[in-house]
Amino acid sequence: MGDERQHDRWGRQCWYPPSRLAGHYHRDFNGDGKADLLLQNSISGEVGVDEMDGNVAFKFDDIATPDPGWVVKKAADFTGHGGADILLQNNSTLQTQLWAMTGTARTSVVNIGTPDPGWHIAA
């Protein structure tokens, strides 16, 4: 199973996540038990979340705008706190970065490093 990358009506690149993937995997940013939409604007790079109730987006949360070249690669609970975090990668340098999240607020940024040649982030 993979993410379906599409553009919404405002031209933002977005990931339409399934509510479950590989067991209990989900991308619930606001803690309501429902999948939310992680979006990245393909022009400005802005990253945000559409909070969802079923198939209805009821609130947009602007998280941050990374420096040019950074692209969202995955959302998952990387920190073990029970909520979604965001993994980004720089298209030019391939450096990776983790945005630790509490809800839709970015609480810290961790530079993970650069993968060895030939390695890439698997979706």
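Residue count for the range 99-111, restricted to those that are under 21 Å from R27 (Cα atoms), open to solvent by 20 Å² or more (accessible area, probe 1.4 Å) and outside any loop (DSSP other than H, G, I, E, B): 7.
Here is a yes/no grid of residues against (1) more than 10 Å from the chain's Cα centre (by Cα); (2) among the hydroxyl-bearing types (S, T, Y):
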| site | (1), (2) |
| --- | --- |
| D28 | yes, no |
| L37 | no, no |
| E46 | yes, no |
| D50 | yes, no |
| F60 | yes, no |
| T65 | yes, yes |
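Residues being touching a strand residue (DSSP E or B) at 6+ places or on another chain (Cβ under 6 Å), closer than 19 Å to A35 by Cα and among the β-branched types (V, I, T): count how many of those fall in the range 83-123. Of the residues in that region, 2 qualify.
Note on the range 24-74: residues that are of a type in the set (K, R), open to solvent by 20 Å² or more (accessible area, probe 1.4 Å) and part of a loop (DSSP other than H, G, I, E, B) amount to 1.
The values are calculated or read from the model by the stated rules, or taken from the named source; none is laboratory data. Just so it is clear, the structure is predicted and the values come from calculations on it, not from any experiment. Quick reminder, even Gly has a Cβ in these numbers, built from the backbone with ideal geometry, and neighbours come from all protein chains shown. Just the protein is used for accessible areas: all its heavy atoms, side chains included, with ligands, DNA and RNA removed. Shrake-Rupley method; radii C 1.70, N 1.55, O 1.52, S 1.80 Å.
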